[in-house]
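What follows is a single structure, written as structure tokens, with notes after it.
Values in this text are rule-based calculations from the coordinates and carry no lab data. Remember, predicted model here, so these are calculated numbers, not experimental data. Cβ placement follows ideal geometry from the backbone for every residue including glycine, while neighbour counts extend to all protein chains displayed.
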Amino acid sequence: MGHRTDLLVVGAGPYAYSAAACARDAGIDTTVVGVPMSFWREQMPSDMFLRSGPDWHLDPAGEHTFAAYFEDRGLRPADHDPVPIGVFLDHTDWFREQKGFDVTAAPGGAEALRVLSGATFDLVLLDVMMPEVDGFTVCRKIKDDPRLKDIPVIFLTAKGGGDALAEGFESGAVMYINKPFTANKLLTIVNTMLESGSNLT
């Protein structure tokens, strides 16, 4: 297998970007896989407005915030409250560019398995709802592969409910985190897993 990387984030939506930003700011080597903002671009009405700014998507370092985005783009916040979906998508792209992390733009589940076959990761943060191959299937495939089975998998997803939680653990995950989450909570969990070298599967 190839080089070793601390963290693989599978999913390229706002929470995945926030997770990647948290990890990068903490000095954790991070790879992001997914189609950038695909759900928002494909499923949300073009005339949709957000009732408030995406506070859960703000930079954990407090530098590349929504306010900083408005200033950089020369926009007046008062003219974009509520926030149009187009502004939100542009803000997300701007956020990724400012943080300086690349995204392997491919369907999350299938691409994650390909990436995992070519590098060694210490931890995987995995969304559930992805095109082509869902997160539960990806987790099962990881756990069925003798080379990958000891990599801890944490689900980071909006898919809640008892059935989803049960399926997540049955597929082999060590933890199931529902969105929204706080940066501090996520970073504490990631650091604990990486520092312990935990093989809880």
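Data overview
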read-out	value
Using alpha-carbon coordinates, inclination of helix 14-25 to the longest axis of the chain, degrees	80
Tilt relative to the chain, helix 135-144 - C-alpha long axis, 0 to 90 degrees, to 10	30
Among Ala21, Ala164, Ala12: highest mean-square fluctuation, GNM of the chain, C-alpha pairs under 10 Å	Ala164
Sites matching trypsin sites (Lys or Arg not before Pro) across the stretch 20-52 that sit in DSSP coil, with at most 10 neighbouring C-beta atoms within 10 Å	Arg51
Helix 108-118 vs. the chain, principal-axis angle (Cα, 0 to 90°, nearest 10)	50
Share of alpha-carbon pairs per 10 Å distance bin for the chain, given as whole %	9, 36, 36, 15, 4, 0
For the stretch 172-188, Karplus couplings with θ = phi - 60° (6.51, -1.76, 1.60), whole Hz, Gly/Pro x	x, 5, 9, 7, 9, 10, 7, 6, x, 10, 9, 4, 5, 4, 5, 5, 4
